[in-house]
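Visitor: Please find one structure pasted underneath; my questions will follow.
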Amino acid sequence: MSQDLGTPVTSTPPRGAAPPVRTPKKKTKTGLSALAAKRIAVLGALVAGIAYGWGIGGNAAHYAYAAAVRSMSSNWHNFLYGAYDPAGFMSVDKAPGALWLQALSVRAFGYETWALLLPGAIAGAVSVYVLFVLVRRWAGHAPAALAAVLLAATPITIAATRVNLPDSTLILTLLVATYAFWRALEKASPRWLLLTAALVGVGFHIKLAMALAVLPVLGIVYLVAAPTSTGRRVLHLLGAGAVTAAVSSIWMLIVGLTPAGSRPYMDGSTSNSVWQMVWSYNLFDRADAAKTGNSAELPVLPDGKVTPVDQGGDTGVFRMFNDLIGGQISWLLPLAVLLLVVGLVAAGRAPRTDKTRAGWLLWGGWLVLYTGALSFSQSIHPYYTSILAPAIAAIGGVGLHLAWTNRRFAWALPVGLLATGAWAFVLMSRSSDYVPWLRPVVAIAAVLAAVLVLVRRTGKFAVVTGAVAGVALLAGPVAWAAPAFHPPTDPRTAMFQNFNPLAGPNPNALSTGIDLTKFMAGGPKPGGPGQAMPLPPPIMFQMMPSDADQKLLGFLKANNRGERFDLATFGGTGASPYIRAGLSVMPMGGFVGTMPMPTADGLADAVHSGQLRYVLFGGFAYDSPTALARKDWVVRNCTRIPPPAYTANPWMGFTSALFDCKPGA
């Protein structure tokens with residue numbers, strides 16, 4: 001019996017047949033299709049990647065991290081322990097997670113500035129798309145695309161991502177962890193929750209407690225909204241907590257179980273303890289204004305004043321809006337707070353497991369927790385605030401879409417636009433000489449957009465309304481991000497900018513807000529041939545060297561006779577340029593110069609055993625009792641070399657002092 005195969009299938013319909021019916025693309029209430037939203041997000045990530053990476057080869061890398069990466073890329077022992085110097089004498093004073101990526105990049109592409117900065121730039125670009133994917137699962141395509149654009153345009157995100165800092169890598173790790181968390185929340189999946197926990201543990205190796213800070217938010221949201229019984233929710237969270245603790249402890253356990261003589265000294269501790277470095281030096285000492293000296297010897301200032309530990313302005317609820325930090329992150333912060341309240345009210349009395357409300361709790365908790373931590377911590381850099389950007393962007397994208405599409409909350413859009421325009425005007429007025437024409441443009445755009453959303457928010461004219469609103473929301477932040485693409489030409493200023501990157505029109509600003517050019521103009525000047533730096537050198541008036549002095553570099557290379565160290569310096573600042581240039585340098589006292597390693601006796605042993613000959617005074621470092629004892633030993637036992645013998649730079653001769661500690665020299 002033959003089988004009837006029916007009518008043959010052809011690639012074209014019969015002549016005269018009606019054309020096939022096309023299924024319309026799904027659109028949101030704003031008329032934006034899912035495909036268009038995805039294209040916007042992809043384009044935003046690509047543009048962000050180009051912006052973050054544009055010309056990074058001409059940037060000045062963070063001096064300390066660049067030196068550590070040079071050392072860590074030289075061998076796997078230094079790589080594992082995060083050694084600051086090639087000989088593995090001292091570690092960095094942080095967990096080395098982000099530096100591992102930079103060291104791998106350097107091993108692959110060579111020790112170039114762009115290779116140092118590449119991992120962070122890639123992480124920043126990928127974060128834009130990950131946020132889109134994450135917000136899309138919560139609130140849909142259109143708000144997700146808007147959130148991606150808002151994140152990409154955040155000024156401090158752009159400035160910080162163009163430097164080899166760990167923050168962009170941390171943000172990407174936490175965003176991926178949050179995506180896994182959202183998948184866990186949807187179906188109370190323990191597997192996704194354990195993945196979340198593991199990723200947060202990975203984040204701990206990048207920036208320690210900053211990564212763990214998100215855990216309370218995730219835990220509360222899971223307890224509130226996971227669709228399973230209370231007992232299972234608690235059990236899931238206990239298991240996740242154990243995983244985070246285990247993953248977070250891996251590197252600390254490796255270091256702690258390694259004999260002290262077989263690894264670098266742990267910078268940031270007084271007892272060579274990785275636990276002290278992590279928990280005291282990098283957490284409790286930073287949160288508490290009253291320094292106890294548990295993880296570092298107390299600095300000794302010549303004028304007897306309290307050590308200046310705060311770098312973000314006065315602590316308090318208004319810190320995010322002050323002169324130093326406001327222009328970095330706060331452009332859309334008032335709008336985000338308003339929209340967060342609107343979103344929570346809109347969620348109303350939804351069921352416990354409602355995902356819309358869970359999203360508001362998640363991003364609102366992220367924003368509130370990190371804002372509170374940064375507002376009241378005693379020691380922050382302004383670029384730390386980049387951790388707020390994903391939450392501001394997510395809340396802003398979803399909240400603006402809600403206010404646009406829900407007539408009940410239509411009032412929030414004009415109010416938010418007017419508030420944002422007014423705050424942008426204030427921020428731009430603080431630097432009135434920078435693009436002065438932009439202030440009235442933003443103010444007019446904010447007023448016009450507020451009127452348009454009330455009278456013409458539908459139809460084809462909605463595109464015009466959206467464009468005007470975009471100018472009101474983003475023109476200021478984009479203008480403040482623009483100077484990040486023009487690194488300072490002065491190498492000393494560039495080093496300060498990359499040590500503490502700031503968005504905005506004054507790239508000369510120090511982390512304390514002091515204009516470096518004015519500081520140098522009023523500072524000491526090298527005088528006649530007999531003028532030299534006093535001993536011991538007073539801190540705060542020493543030049544931070546930005547590059548290795550070429551004559552000193554040649555001098556040290558020519559006079560090395562097999563010593564383990566070409567040079568010893570007081571602190572990591574003076575050591576950095578010479579480590580980056582390929583020398584083996586002992587950074588006595590660690591990053592800030594106050595660590596009790598080596599002691600004066602330890603320094604003497606290094607000299608007498610032939611491991612060290614030359615010691616350089618200079619570079620920024622705090623004094624401490626041990627540091628003063630080291631300096632006293634050098635002055636009494638070593639011979640000072642005349643500056644013309646090792647430098648042709650009058651500033652170097654004035655702000656530094658090179659000693660030959662060879663017995664009998």
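The values are calculated or read from the model by the stated rules, or taken from the named source; none is laboratory data. All values reported here derive from a predicted model rather than from experimental measurement. Virtual Cβ from ideal backbone geometry, glycine too; neighbours counted across all protein chains shown.
Visitor: If the requirement is being outside the structural domain of Ser71 (by TED's automatic domain parsing) and closer than 22 Å to Ser273 by Cα, which of these qualifies: Asp601, Asp566?
Guide: On the way: Asp566 fails: closer than 22 Å to Ser273 by Cα.
Answer to the selection: Asp601.
Visitor: How many residues does the range 172-199 hold that are within 15 Å of Val130 (Cβ to Cβ) and in contact with a Leu (Cβ under 9 Å, 6 or more places away or on another chain)?
Guide: So the answer is 13.
Visitor: Helices (runs of 4 or more DSSP H) wholly in the range 22-99 with at least 1 residues that are assigned by TED's automatic domain parsing to the domain that holds Val398 and at pLDDT below 95 - which ones? Give the steps one after another, and end with the answer.
Guide: On the way: elements: 34-53, 63-72, 76-81.
In the range 22-99, the matching helices (runs of 4 or more DSSP H) lie at 34-53, 63-72.
Matching residues to (1) buried (at least 23 other Cβ atoms within 10 Å of the Cβ); (2) touching an Asp or Glu at 6+ places or on another chain (Cβ under 9 Å):
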| residue | (1), (2) |
| --- | --- |
| Ile171 | yes, no |
| Tyr179 | no, no |
| Trp182 | no, no |
| Gly203 | yes, no |
| Lys207 | yes, yes |
| Val217 | no, no |
| Leu223 | no, no |
| Thr228 | no, no |
| Leu235 | no, no |
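Table: residues versus (1) surrounded by 16 or more Cβ atoms within 10 Å (Cβ to Cβ); (2) small (Gly, Ala, Ser); (3) not in a helix (DSSP H, G or I).
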| site | (1), (2), (3) |
| --- | --- |
| Val435 | yes, no, yes |
| Val447 | yes, no, no |
| Val453 | yes, no, no |
| Ala462 | yes, yes, no |
| Thr465 | yes, no, no |
| Pro483 | yes, no, no |
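Visitor: Can you tell me which residues in the range 561-579 are outside any helix (DSSP H, G or I) and without any contact (Cβ under 8 Å) to a residue 40 or more places away in the chain? Don't jump to the end; show me each part of the working.
Guide: Start the filter on the range 561-579 by keeping residues that are outside any helix (DSSP H, G or I), which leaves 561-571.
Correct list: empty.
Visitor: Would you check which residues across the range 433-486 are at positive phi and of a type in the set (Gly, Ala, Ser) and list them?
Guide: Correct list: Gly459 only.
Visitor: Scan the range 393-432 for residues that are outside any helix (DSSP H, G or I) and among the basic types (Lys, Arg) and jot them down.
Guide: Listed by number, the list holds a single entry, Arg430.
The rows are residues; the columns are (1) without any contact (Cβ under 8 Å) to a residue 24 or more places away in the chain; (2) among the aliphatic types (A, V, I, L, M).
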| position | (1), (2) |
| --- | --- |
| Leu170 | no, yes |
| Ala197 | no, yes |
| Gly201 | no, no |
| Ala213 | no, yes |
| Leu223 | yes, yes |
| Trp251 | no, no |
| Thr258 | no, no |
| Tyr265 | no, no |
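Visitor: Give me a count of the residues in the range 100-149 that are surrounded by fewer than 24 Cβ atoms within 10 Å (Cβ to Cβ) and not hydrophobic (A, V, I, L, M, F, W, C).
Guide: Counting residues in the range 100-149 that are surrounded by fewer than 24 Cβ atoms within 10 Å (Cβ to Cβ) and not hydrophobic (A, V, I, L, M, F, W, C) gives 11.
Visitor: Does any residue of the range 244-251 turn out to be small (Gly, Ala, Ser) and more than 15 Å from Phe204 (Cα to Cα)?
Guide: Taking the range 244-251 and keeping what is small (Gly, Ala, Ser), we get 245-246, 248-249.
Next cut, more than 15 Å from Phe204 (Cα to Cα) only: none.
No; the residues of the range 244-251 include none that is small (Gly, Ala, Ser) and more than 15 Å from Phe204 (Cα to Cα).
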